[in-house]
Amino acid sequence: MAAILPPNLKETIAFIFADKDADPIGTGFFLAADKNFLVTARHVIEGLDKLYLRINGKKKIKFITVDLDKQPPKYHANPAIDIAVIKIRKQEHMLNRGMLIDDKFQEIVGLYEGDDVFFVGLLPQFYGNLRNTPVVRKGSIALITDEYFEDEDGSAPYFYIEANCYPGNS
């Protein structure tokens, strides 16, 4: 079965650069919640002072500079959970809560092993010359359990998504 992608999903993706003249180091997406955020993987930005976000403008690619000293990222309390969230000004294309699965959807429809999932990321060999060209990858939920993963940093719900992944799809 084909996954139904939210409209303009690929436009919400930013390619992240540590230096505008180098290759991208990862991806992030713009999320409008109570405030506006860039969401990315912790390991992509940890240790950097600045990010250069390459986004699709109306007619050409543009870069947004994010000074992490002025806009420090928030990380999950458990360092094993590889997520970073940075407050950012509103962008033209942003995901919103209605485009994501929420608790009500989960309660009514449910999520099960075997369900398809998709993720959008960077194809390191070709990320576009005229526009960002993120790729949409697909996987499936392989395990959902009521058990928690325990480590020295605490516990987190344990689930497993099986998907073909490579650098840039963190």
If residue 156 satisfies every condition in (1) at pLDDT below 80; (2) over 29 Å from residue 18 (Cβ atoms); (3) touching a Phe, Trp or Tyr at 6+ places or on another chain (Cβ under 7 Å) but one, which is the exception?
(2)
Looking at (1) surrounded by fewer than 13 Cβ atoms within 10 Å (Cβ to Cβ); (2) of a type outside the set (S, T, N, Q); (3) at pLDDT below 95, which is the only condition residue 67 fails?
(3)
Can you name every residue in the range 107-163 that is exposed (fewer than 13 other Cβ atoms within 10 Å of the Cβ), charged (D, E, K, R) and assigned to a loop (DSSP other than H, G, I, E, B)?
152, 153
Only residues in the range 7-36 that are free of Cβ contacts under 8 Å to residues at least 24 places away in the same chain count as the first member; pair them with residues that are in a helix (DSSP H, G or I) and surrounded by 19 or more Cβ atoms within 10 Å (Cβ to Cβ), Cβ under 7 angstrom, at least 6 apart or cross-chain, and list the lot.
25/44
Which is within 30 Å of residue 130 (Cβ to Cβ), over 15 Å from the mean Cα position of the chain (by Cα) and not aromatic (Phe, Trp, Tyr), of 78, 56, 36?
56
For the range 2-50, how many residues are over 16 Å from residue 73 (Cα atoms) and of a type in the set (Lys, Arg)?
2
Pick from the range 18-32, criterion surrounded by fewer than 19 Cβ atoms within 10 Å (Cβ to Cβ) and closer than 24 Å to residue 128 by Cα, ranking: farthest from the chain's Cα centre (by Cα):
21
Residue 35: passes all of (1) open to solvent by less than 100 Å² (accessible area, probe 1.4 Å); (2) modelled with pLDDT of 90 or more but (1)
Where residue 56 falls short, out of the listed (1) farther than 21 Å from residue 127 by Cα; (2) touching an Asp or Glu at 6+ places or on another chain (Cβ under 7 Å); (3) modelled with pLDDT under 95
(1)
Single residue of the range 72-95 satisfying the filter (assigned to a loop (DSSP other than H, G, I, E, B) and more than 26 Å from residue 56 (Cβ to Cβ)) that is least open to solvent (accessible area, probe 1.4 Å):
78
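The values are calculated or read from the model by the stated rules, or taken from the named source; none is laboratory data. What you see is a predicted model; the values in this text were computed from it and never measured. In this analysis, Cβ positions are derived from the backbone assuming ideal geometry, glycine residues included, and neighbour counts consider all displayed protein chains. Only protein heavy atoms, including side chains, enter the accessible area calculation; ligands, DNA and RNA are left aside. Shrake-Rupley method; radii C 1.70, N 1.55, O 1.52, S 1.80 Å.
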